[in-house]
Amino acid sequence: MNNDIDRVIDDVARELTAGEPDGAFKARVLARIESGESVRRNWRAAWIIAPLAAAALIAIAITWSHRDVRPKPSAEVGALHPSSQTAASRTENLEPRTTNPESRIPNPKSRILRLRSPELSRAMADPSEAPQARRRANPVSDVAVLAPPSLTVDSIALAPIAAGDSLQLPQLDTPASLDIAPLENPRTENQNENPEP
Amino acid sequence: VSTVCVTDADLVTRARQGDPAAFGELVDRHRTAVYRAALAALGSHAEAEDAAQDAFLLAYRRLDTFRGDASFKTWLLTIAWHQAINRRRSLRRVWRRMVEPRPDEEREAALESVADAGPTPEAVAAHAQLRSAVRNAIRHLSPALRDALLLAQSGEYGYDDIGAMLNAPVGTIKWRVSEARRKVREVLRKSGHIDE
């Protein structure tokens, strides 16, 4: 049975490769040799490859332009996002804090000023100049341009409490002594109630 | 001048010296083998014709690199096979690469099978179905197995030639042919065309 099937398989395989070029084949080959023609390029494949290459170029261009818009990791970003702080700044945070209460209160204004360049800070004062100044200050990051103007907020540091008068409490009266009657000895009571035989 | 008794090596020498007729004789001698190798790889007569022409053109340009280590036929077939495989690898042929017979080819094959089969209509139909299933199974073999099977069955090449073309030892080629048959049988068994 297997032999019969194998014979059919071989027949079909032979059939798939049956055929030969026509009589003009040699003439065509020699004509191409005489004309100095080179091996044909596969133009049909080129029709497929060319659009794919164009699509790849467009994708690269889009990726590149998006990369330009994305802010670069800088001190600004690092300050705004504590998670991206450097190891040095993290070490700073671990240092013991001062006991001065004012030093513990963050000053938002001073923080923003620290983040921006002097040119940008000046622009904050004059909102009409802000976008241009921001671009001059940081031409790479357009995100800074989109940042809202800083709010001027008064410091919330509390003034120290003035030392007031001493709290003079009236002296309490001495309570009267409590007279308590001494308790009877319980052991003696038991002996009386349960006399031994 | 008769070239019947002239060897391939002599014709190569003359072709190198600029004798186009000598190369024409080489084309005549080996065109069928080259064409069938291309047909085995590409499955299309038009593509095979183009690939065969390209192979001869390339061989003519590279005649100086033929050292005579192998026979001219083996050397030529290796070039032809590479040309055909390069064509097969192009994106467009991925979809219609292997032996996609056109409807008239299918009909022709069916008619041939009718002539070969038994006399009863049932036997004729069964035989035609079996051949169609075998053709499909061969199409769906992996390229390595299919190439080996088709080249081995084309009747044009010895295992040495096929090994040179596919860049594999003769033992490997024989195993691939056997494995291709086994896989086709397995497909036929699963589809119910042959008994368990």
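For the peptides A:54-63, A:172-181, B:71-80, B:161-170, residues were scored by their other Cβ atoms within 10 Å and the scores averaged per peptide; the highest-first order is B:71-80, B:161-170, A:54-63, A:172-181. To the nearest whole number, what is the average tally of beta carbon atoms from other chains within 10 Å of the beta carbons of peptide B:79-88? Mean partner shielding for this stretch: 1.
Pairing chain B with chain A buries about 4000 Å² of accessible area. This figure sums both sides and uses a 1.4 Å probe.
Could you compute the net charge surrounding A:Pro21? Neighbours are other residues with a C-beta less than 12 Å from the C-beta of A:Pro21; K and R count +1, D and E count -1.
Details: positive: A:Lys26, A:Arg28, B:Arg31, B:Arg36; negative: A:Glu20, A:Asp22, B:Asp28, B:Glu49, B:Asp50.
Neighbour charge sum, excluding A:Pro21 itself: -1.
Peptide B:42-51 is shielded by partner chain Cβ atoms: per residue, an average of 2 of them sit within 10 Å of its Cβ. Between amide H atoms placed 1.01 Å from N, distances below 5 Å from B:Ile194 occur with B:Arg189, all of them 5 or more places distant or on a separate chain.
The distance between label points at A:Leu158 and A:Gln171 comes to 3.5 nm (points 7 Å beyond Cα on the Cα→Cβ vector). Per residue of A:61-67, other chain Cβ atoms within 10 Å of the residue Cβ number 0 on average.
The values are calculated or read from the model by the stated rules, or taken from the named source; none is laboratory data. Every value quoted in this text rests on a predicted model; they were computed, and no experiment measured them. Positions of Cβ are generated from backbone atoms using ideal geometry, with glycine treated the same way; all protein chains shown enter the neighbour counts. Side chains are part of the model used for accessible areas, which takes the heavy atoms of the whole protein and leaves out ligands, DNA and RNA. Shrake-Rupley method; radii C 1.70, N 1.55, O 1.52, S 1.80 Å.
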